[in-house]
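The values are calculated or read from the model by the stated rules, or taken from the named source; none is laboratory data. None of these values were measured; they are calculated from a predicted model. We place every Cβ from the backbone using ideal geometry, glycine too, and count neighbours over all the protein chains shown.
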Amino acid sequence: MKNKVKRWTSVALASSAAAALVVGCGQTSNTGSGANGSASTSPSSTTMVNVAGVRIAKPTHLVNYKNASGTIVWAESFTTGPTASELVSAFEKKFPKIKVKLQVQPSNTDTNRADLTASISGGSPTPDVYMGDVIWPAQFAHNQLAAPLSDYLPTSFWTRFSNGLVAGATYDGKVYAAPLFADTAFLYYRKDLLAKYHLPVPKTWQQLQQEASYIVKHGGAKYGFVWQGADYEGLTCDFDEYLADAGGSVLTNGKATLDTPAAKQALSFMRGLITSGVTPQSVDTFQEPQSENVFTQGNAVFLRNWSYAWSDSQNPQSSKVVGKVGVAPLPTFAGHGSSGYSTVGGWDLYLNPHTKNLAAALQFIDWMTSPQAQEILAANSEMPTIKAVADSPSLAKYSPVFALLPKVKFVSRPSQTPNYPAVSKAIYDNVNAALAGSVSVAQALKDANQQIQQALSGSGSGGL
Ligand code: GLC
């Protein structure tokens with residue numbers, strides 16, 4: 001802990017440009033010295049406050065960014081659609097003294113992370129602001145890849161967000177990311193095909209499998225059900241949902257619990273989707289874009305994907321199934337309630353500790369979490385993170401997914417540990433091997449369990 005603080009204090013926000021913009025906030029005696037202050041930045045010796053349901057250290061270096069100017073680079077990783085450029089145009093119109101250059105990142109969260117990790121740990125001052133996954137705060141904070149936003153922004157900033165989101169971006173008493181949008185997984189289905197074959201929207205996984213198989217057999221579609229089975233973080237998300245539906249969880253009291261009947265039910269079902277022909281074998285190479293593409297090209301009855309897939313499915317430029325799609329909460333296993341779990345997904349805005357334009361970066365983060373920007377996200381079927389938009393009755397007009405939220409059950413990934421990348425790798429590597437048929441379900445779970453345990457003890461391999 002002490003080491004972490006010391007190492008943090010040596011990083012680059014102390015650039016004179018940044019320090020000059022820092023204004024006193026009264027809690028500490030090192031006002032004006034940038035992030036290069038003394039150990040007073042340590043949460044243990046700083047006044048803590050309760051904000052947005054979480055205990056955080058009061059800001060040490062409030063920044064006045066109201067007259068910010070200059071150019072910043074924003075690394076964005078929207079999987080599809082015009083969202084990033086729409087946001088930047090609206091921002092530049094409102095703040096003409098700031099220019100935002102877009103840096104497009106890979107849509108695969110793991111390769112995106114590896115890329116950002118390499119450039120930021122190498123000291124690059126750009127991107128100034130980057131979109132990062134909701135599972136990154138612990139790892140990025142621990143490795144000084146993100147600056148503690150709560151040191152620079154007033155505590156009142158955090159009260160705009162919906163419950164729980166700030167807590168998810170907090171590590172060791174500081175908030176390292178501003179929640180940008182939340183991702184929830186849904187079941188997308190072809191309502192024209194269900195109507196044609198007189199079948200209801202499935203509420204259980206078993207029912208989905210039967211219906212998909214029936215429609216494929218009768219020539220309604222090439223494939224029954226597509227999802228994310230490639231060897232990457234997205235597979236951890238999919239697996240965690242079946243696992244939660246079966247009553248299991250990755251960790252129980254801090255210990256790996258994948259060597260269990262619930263995990264066997266989950267993984268056997270996933271593998272069974274492939275062996276029964278409902279899901280193509282190539283799903284073991286599918287990430288979000290590939291699975292979505294099969295569906296929007298009209299080749300599958302059902303798709304598991306995140307909130308934004310609604311708007312993609314309704315885009316006449318890329319979708320052949322406009323007007324033919326319905327959306328519902330994911331199913332669950334028979335006997336486990338009326339709907340299934342969604343993994344908690346989403347993306348935040350992080351600040352590069354080496355930025356040379358702290359004020360413009362903070363202005364951008366502030367605006368991106370304002371009602372204007374959050375409405376642009378909502379119009380693209382991305383779930384807003386601020387209460388003013390998320391709780392507004394007008395939200396429903398943007399996308400049918402928003403009305404479904406109250407029915408969804410949520411499962412979080414165990415990402416509070418900086419070793420999460422290795423924990424997740426232990427899951428997706430082994431689950432993927434079982435999907436490919438190269439190891440048995442039982443063996444895959446045994447291996448995953450053991451590797452998760454190793455990862456938690458800090459001796460796991462990889463993940464970056
Ligand atoms: C989505 C989610 C993110 C998750 C990723 C996995 O982008 O928002 O949280 O890690 O999918 O592919």
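Has the range 361-380 got any residue that is at pLDDT below 95 and part of a loop (DSSP other than H, G, I, E, B)?
The answer is yes, given that some residue of the range 361-380 is at pLDDT below 95 and part of a loop (DSSP other than H, G, I, E, B).
Can you tell me which residue is surrounded by the most Cβ atoms within 10 Å (Cβ to Cβ) among those in the range 158-167 that are in a helix (DSSP H, G or I) and out of contact with any helix residue (DSSP H, G or I) (no Cβ under 7 Å at 6 or more places or on another chain)?
Within the range 158-167, the subset in a helix (DSSP H, G or I) is 158-160, 165-167.
Still in the list and also out of contact with any helix residue (DSSP H, G or I) (no Cβ under 7 Å at 6 or more places or on another chain): 159, 165, 167.
Working: T159: 13, L165: 28, A167: 16.
Ranking the candidates gives L165 first.
Look through K174, K191 and report the one residue that is touching a residue at least 40 places away in the same chain (Cβ under 8 Å) and more than 26 Å from S319 (Cα to Cα).
It is K174.
Results for (1) at pLDDT 95 or above; (2) of a type in the set (V, I, T); (3) under 23 Å from A359 (Cα atoms); (4) outside the structural domain of Q314 (by TED's automatic domain parsing), shown as yes or no for each residue.
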position: M1; (1), (2), (3), (4): no, no, no, yes
position: S38; (1), (2), (3), (4): no, no, yes, yes
position: T41; (1), (2), (3), (4): no, yes, yes, yes
position: I56; (1), (2), (3), (4): yes, yes, yes, yes
position: L62; (1), (2), (3), (4): yes, no, yes, yes
position: Y65; (1), (2), (3), (4): yes, no, yes, yes
position: S89; (1), (2), (3), (4): yes, no, yes, yes
position: D110; (1), (2), (3), (4): yes, no, no, yes
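Looking only at the range 222-237, filter to residues that are more than 8 Å from the ligand (Cβ to nearest atom) and part of a loop (DSSP other than H, G, I, E, B); which one of those is farthest from A263 (Cα to Cα)?
It comes out as K222.
Checking the condition without any contact (Cβ under 8 Å) to a residue 24 or more places away in the chain and surrounded by fewer than 23 Cβ atoms within 10 Å (Cβ to Cβ), which residue from G248, G277 passes? Before you say what the answer is, go through the steps one by one.
Numbers: G277 fails: without any contact (Cβ under 8 Å) to a residue 24 or more places away in the chain.
So the residue among G248, G277 that is without any contact (Cβ under 8 Å) to a residue 24 or more places away in the chain and surrounded by fewer than 23 Cβ atoms within 10 Å (Cβ to Cβ) is G248.
Taking the condition of being of a type outside the set (A, V, I, L, M) and either more than 10 Å from the ligand (Cβ to nearest atom) or surrounded by fewer than 17 Cβ atoms within 10 Å (Cβ to Cβ) (or both), how many residues in the range 104-133 meet it?
To start, the set of residues in the range 104-133 that are of a type outside the set (A, V, I, L, M) comprises 105-113, 115, 117, 119, 121-128, 130, 132-133.
Filter once more, so that each one left must be either more than 10 Å from the ligand (Cβ to nearest atom) or surrounded by fewer than 17 Cβ atoms within 10 Å (Cβ to Cβ) (or both): 105-107, 111, 115, 117, 119, 121-128, 130.
Residues meeting the conditions: 16.
Where residues in the range 282-314 are more than 23 Å from the chain's Cα centre (by Cα) and in contact (Cβ under 8 Å) with a residue 12 or more places away in the chain, which of them is surrounded by the most Cβ atoms within 10 Å (Cβ to Cβ)? Don't jump to the end; show me each part of the working.
At the first step, the residues of the range 282-314 found to be more than 23 Å from the chain's Cα centre (by Cα) are 282, 297-301.
Still in the list and also in contact (Cβ under 8 Å) with a residue 12 or more places away in the chain: 297-301.
Numbers: Q297: 13, G298: 15, N299: 15, A300: 30, V301: 28.
Out of the qualifying residues, it is A300.
If you check S394, S399, which single one turns out to be part of a helix (DSSP H, G or I) and over 29 Å from A114 (Cα atoms)?
Numbers: S399 fails: part of a helix (DSSP H, G or I).
One residue alone meets the criteria, S394.
Taking the range 134-154 on its own, how many of its residues are outside any loop (DSSP other than H, G, I, E, B) and within 16 Å of the ligand (Cβ to nearest atom)?
Quick first cut of the range 134-154, residues outside any loop (DSSP other than H, G, I, E, B) only: 137-142, 149-151.
After this cut, where a residue has to be within 16 Å of the ligand (Cβ to nearest atom) as well, the list is 137-140.
Of the residues in the range 134-154, 4 are outside any loop (DSSP other than H, G, I, E, B) and within 16 Å of the ligand (Cβ to nearest atom).
Starting from residues that are in contact with a helix residue (DSSP H, G or I) (Cβ under 7 Å, 6 or more places away or on another chain) and within 16 Å of the ligand (Cβ to nearest atom), keep the ones in the range 334-367 and report whichever is nearest to A182 (Cα to Cα).
Taking the candidates together, the pick is G345.
Take the residues of the range 403-452 that are among the charged types (D, E, K, R) and over 24 Å from T170 (Cα atoms): which is surrounded by the most Cβ atoms within 10 Å (Cβ to Cβ)?
First, the residues of the range 403-452 that are among the charged types (D, E, K, R): 407, 409, 413, 425, 429, 446-447.
So of that shortlist, the ones also over 24 Å from T170 (Cα atoms) come out as 407, 429, 446-447.
Values: K407: 11, D429: 20, K446: 16, D447: 18.
Ranking the candidates gives D429 first.
Please verify whether the range 205-220 includes one or more residues that are assigned to a strand (DSSP E or B) and more than 16 Å from the ligand (Cβ to nearest atom). Give the steps one after another, and end with the answer.
Here is the first cut: in the range 205-220, the residues assigned to a strand (DSSP E or B) are none.
Looking for residues that are assigned to a strand (DSSP E or B) and more than 16 Å from the ligand (Cβ to nearest atom), one finds none in the range 205-220, hence no.
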